[in-house]
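K.L.:
I'd like to ask some things about the structure below.
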Amino acid sequence: MIKVGIIGATGYAGNELVRLLMNHPETELIWYGSKSYEGKKYADVYRNMFEITDDLCSGDDLEKLSQEADVVFTATPQGFLAGILTDSVLEKTKIIDLSADFRLKDVKTYEEWYKIEHKRPDLISKAVYGLCEINRHLIDDSVRLVANPGCYTTTSILALYPVVKDGIIDADSIIIDAKSGTSGAGRSAKTDNLFCEVNESIKPYGVGTHRHIPEIEEQLGYAKGDKIRLVFTPHLVPMERGILVTAYADLNDDISESSVRECYSRYYDNEKFVRLLDPGVFPQTRFTKCSNYVDINFRIEPRTNRLIVMATLDNLIKGAAGQAVQNMNLLFGLPESTGLEMVPVIM
């Protein structure tokens, strides 16, 4: 059995990690890390775990945990892991980080967008960006540090990767309109996320400044083979979970929908967790809820010769915890879908 520890186990993504790993046939969960709830029963923090686990929350002592766990998931705020990660820890255990600390390869870009100093820039080049469908070939037993992608970025990158990679669209014309449920903002108390603030309303935020912009640009830039600039605007919608991305881009040439579909099919037909929908069927957040699936479809707008791509996923599963487990499976040579074949919940 793979011995697993979680630091940040009492956040929303951390709780989903607990739920997934408890049902994973190859893992033993040995550490529920939470500085805020240290010494408290995990089931008293999340009552869905009542009579399922009696374990107590431990602290965030990564050095101690690294001596006990084969892999550690860190579902923590930006800057936390980079501030405590040592070479000694990486010699003893593998780390799958759900924050942005090691996603961006340019430390100056990270510090500019996240407004904090990066404490371990020397480790950035050693981290693998864990978007499995694109970087699967880089994720194996030799890897010690995986940077787990975010929810907006996973949706946006998977939606556009095939047509950017094949040069079907002008990558510098990309406009991404994204919408997220409120769980994407985390579990901490914030006035802007109170029920009365978000119910019966929708609002944009981080307009032109959202921290996922450079991550999307960097990864799609690798697909293009050159730097790109795009527009990304996220919106908060009054639902618990889910991401919907609608992306627009100019086509480089006149091209048929069947040719674009062939492009997407070539990249995704053999992907367990990416579902290319039938023509005329468009993604809905409720059909990927509580699952590790990504639903994608597209349409060509002939008047403007633009491609419109739509994608959905569950921000806490494929956008966070599920993707992290998918990365763990690859690190330990397990079938990639192990513990993740949950049918989406539509109610």
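K.L.:
Considering only region 7-25, state which residues are aliphatic (A, V, I, L, M) and not in a loop (DSSP other than H, G, I, E, B).
P.N.:
Listed by number, the residues that qualify are Ile7, Ala13, Leu17, Val18, Leu20, Leu21, Met22.
K.L.:
Taking region 213-234 on its own, how many of its residues are out of contact with any Phe, Trp or Tyr (no Cβ under 7 Å at 6 or more places or on another chain) and farther than 17 Å from Ala100 by Cα?
P.N.:
12
K.L.:
Something else now. Give me the residue from region 141-171 that is touching a Lys or Arg at 6+ places or on another chain (Cβ under 6 Å) and either without any contact (Cβ under 8 Å) to a residue 24 or more places away in the chain or assigned by TED's automatic domain parsing to the domain that holds Leu307 (or both) and, out of that set, surrounded by the fewest Cβ atoms within 10 Å (Cβ to Cβ).
P.N.:
Among them, the one singled out is Val164.
K.L.:
Find the residue count for region 113-132, including only residues that are under 21 Å from Ile213 (Cβ atoms) and of a type outside the set (Lys, Arg).
P.N.:
The total comes to 11.
K.L.:
Quick test for you: out of Glu63, Glu28, Glu68, pick the one residue that is acidic (Asp, Glu), closer than 13 Å to Ile2 by Cα and outside any strand (DSSP E or B).
P.N.:
Sole residue among the options that is acidic (Asp, Glu), closer than 13 Å to Ile2 by Cα and outside any strand (DSSP E or B): Glu68.
K.L.:
Which residue pairs have Cβ atoms under 8 Å apart, sit 6 or more places apart or on different chains, and have a first residue in region 102-123 that is touching a residue at least 24 places away in the same chain (Cβ under 8 Å) and over 24 Å from Ser88 (Cβ atoms) and a second that is hydroxyl-bearing (Ser, Thr, Tyr) and surrounded by 15 or more Cβ atoms within 10 Å (Cβ to Cβ)?
P.N.:
Leu104/Tyr110
K.L.:
Just checking: which of the helices (runs of 4 or more DSSP H) contained wholly in region 99-198 hold 3 or more residues that are modelled with pLDDT under 95 and not polar (S, T, N, Q)?
P.N.:
The qualifying helices (runs of 4 or more DSSP H) are 195-198.
K.L.:
Collect the residues in region 277-336 that are without any contact (Cβ under 8 Å) to a residue 24 or more places away in the chain, among the charged types (D, E, K, R) and under 30 Å from Ala9 (Cα atoms), keeping them in residue-number order.
P.N.:
Result: Asp295, single match.
K.L.:
Within region 50-59, is there a residue that is touching a Leu at 6+ places or on another chain (Cβ under 7 Å), surrounded by 15 or more Cβ atoms within 10 Å (Cβ to Cβ) and outside any helix (DSSP H, G or I)?
P.N.:
No, region 50-59 contains no residue that is touching a Leu at 6+ places or on another chain (Cβ under 7 Å), surrounded by 15 or more Cβ atoms within 10 Å (Cβ to Cβ) and outside any helix (DSSP H, G or I).
K.L.:
Looking only at region 188-223, which residues are small (Gly, Ala, Ser) and either surrounded by 14 or more Cβ atoms within 10 Å (Cβ to Cβ) or touching a His at 6+ places or on another chain (Cβ under 7 Å) (or both)?
P.N.:
Listed by number, the residues that qualify are Gly206, Gly221, Ala223.
K.L.:
Condition check: assigned by TED's automatic domain parsing to the domain that holds Asp254 and not basic (Lys, Arg). Does Ala100 satisfy that?
P.N.:
Considered against the rule, which asks whether it is assigned by TED's automatic domain parsing to the domain that holds Asp254 and not basic (Lys, Arg), Ala100 comes out as no.
K.L.:
Hey, another quick one. Could you tell me which residue of region 238-272 is farthest from Pro283 (Cα to Cα), considering only residues that are aliphatic (A, V, I, L, M) and in contact with a Leu (Cβ under 8 Å, 6 or more places away or on another chain)?
P.N.:
Looking at residues that are aliphatic (A, V, I, L, M) and in contact with a Leu (Cβ under 8 Å, 6 or more places away or on another chain), I get Leu251.
The values are calculated or read from the model by the stated rules, or taken from the named source; none is laboratory data. Bear in mind the structure is a predicted one, so any value in this text is a computation, not a measurement. Neighbour counts run over all protein chains shown; Cβ positions are idealised from the backbone, glycine included.
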